1. Would you please list the contacts, defined by Cβ atoms under 6 Å and residues six or more apart or on different chains, that run from a residue in the stretch 76-92 that is closer than 15 Å to PHE6 by Cβ and open to solvent by 10 Å² or more (accessible area, probe 1.4 Å) to a residue that is within 16 Å of the ligand (Cβ to nearest atom) and part of a loop (DSSP other than H, G, I, E, B)?
2. State whether the residues of the stretch 11-29 include one that is modelled with pLDDT of 95 or more, assigned to a loop (DSSP other than H, G, I, E, B) and in contact with a helix residue (DSSP H, G or I) (Cβ under 6 Å, 6 or more places away or on another chain).
3. Condition first: outside any strand (DSSP E or B) and not β-branched (Val, Ile, Thr). Now tell me which residues in the stretch 42-58 satisfy that.
4. Mind checking which residues of the stretch 42-74 are small (Gly, Ala, Ser) and open to solvent by less than 30 Å² (accessible area, probe 1.4 Å)?
5. Checking the condition at pLDDT 95 or above, assigned to a strand (DSSP E or B) and open to solvent by 20 Å² or more (accessible area, probe 1.4 Å), which residue from GLU3, GLU39 passes?
6. Pairs please, first residue from the stretch 10-30 and open to solvent by less than 80 Å² (accessible area, probe 1.4 Å), second anywhere and basic (Lys, Arg), Cβ atoms under 8 Å, 6+ apart in sequence or on different chains.
7. So, in the stretch 68-88, exactly how many residues are within 8 Å of the ligand (Cβ to nearest atom), within 9 Å of HIS50 (Cα to Cα) and assigned to a helix (DSSP H, G or I)?
8. Which residues, taken from the stretch 61-83, are closer than 16 Å to ASP23 by Cβ and over 14 Å from the mean Cα position of the chain (by Cα)?
Amino acid sequence: MIEITFVEASGKERTVTAPAAGDLMHAGRNADIVGMLGECGGTCGCGTCHVYIEQHWLDRLPPPADDEADMLSLSDSLLPESRLACQIVLRAELDGLRVQMPEVQG
Ligand code: FES
């Protein structure tokens, strides 16, 4: 299991545990993180799992694939640290990950 801290748009922080497998979107949804919608179920088809990841954590992730980058480009709240949580595979090296939720989701 790894720990992930989600910072909701309100500023409320919640640290949850999740298996070092699966994806970040499901970890957030399972913990009822406000703003983690994941409406397409993780198929990179909705953009409602948009999150911001601090740069030092981004450096530990593979870069977004073309379909993720295309979906992110449609977001009104795109930032350099934007990622889609459903495309982030959890693994032991991500223990301690911090995730900021955007103010607007979808
Ligand atoms: S859950 Fe739809 S794009 Fe991530």
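The values are calculated or read from the model by the stated rules, or taken from the named source; none is laboratory data. Everything numeric here is computed off the predicted structure, so don't read it as measured data. Glycine also receives a Cβ, built like all others from the backbone with ideal geometry; neighbour counts cover every protein chain displayed. In case anyone asks, the SASA skips ligands and DNA or RNA and just uses the protein heavy atoms, side chains included. Shrake-Rupley method; radii C 1.70, N 1.55, O 1.52, S 1.80 Å.
1. CYS86/GLY42; CYS86/CYS49
2. no
3. Narrowing the stretch 42-58 to residues outside any strand (DSSP E or B): 42-49, 54-58.
Residues satisfying the conditions are GLY42, CYS44, GLY45, CYS46, GLY47, CYS49, GLU54, GLN55, HIS56, TRP57, LEU58.
4. Taking the stretch 42-74 and keeping what is small (Gly, Ala, Ser), we get 42, 45, 47, 65, 69, 73.
Of everything in the stretch 42-74, those that are small (Gly, Ala, Ser) and open to solvent by less than 30 Å² (accessible area, probe 1.4 Å) turn out to be GLY42, GLY47.
5. Numbers: GLU39 fails: assigned to a strand (DSSP E or B).
Among GLU3, GLU39, only GLU3 is at pLDDT 95 or above, assigned to a strand (DSSP E or B) and open to solvent by 20 Å² or more (accessible area, probe 1.4 Å).
6. ALA20/ARG91; ALA21/ARG91
7. 2
8. ALA65, ASP67
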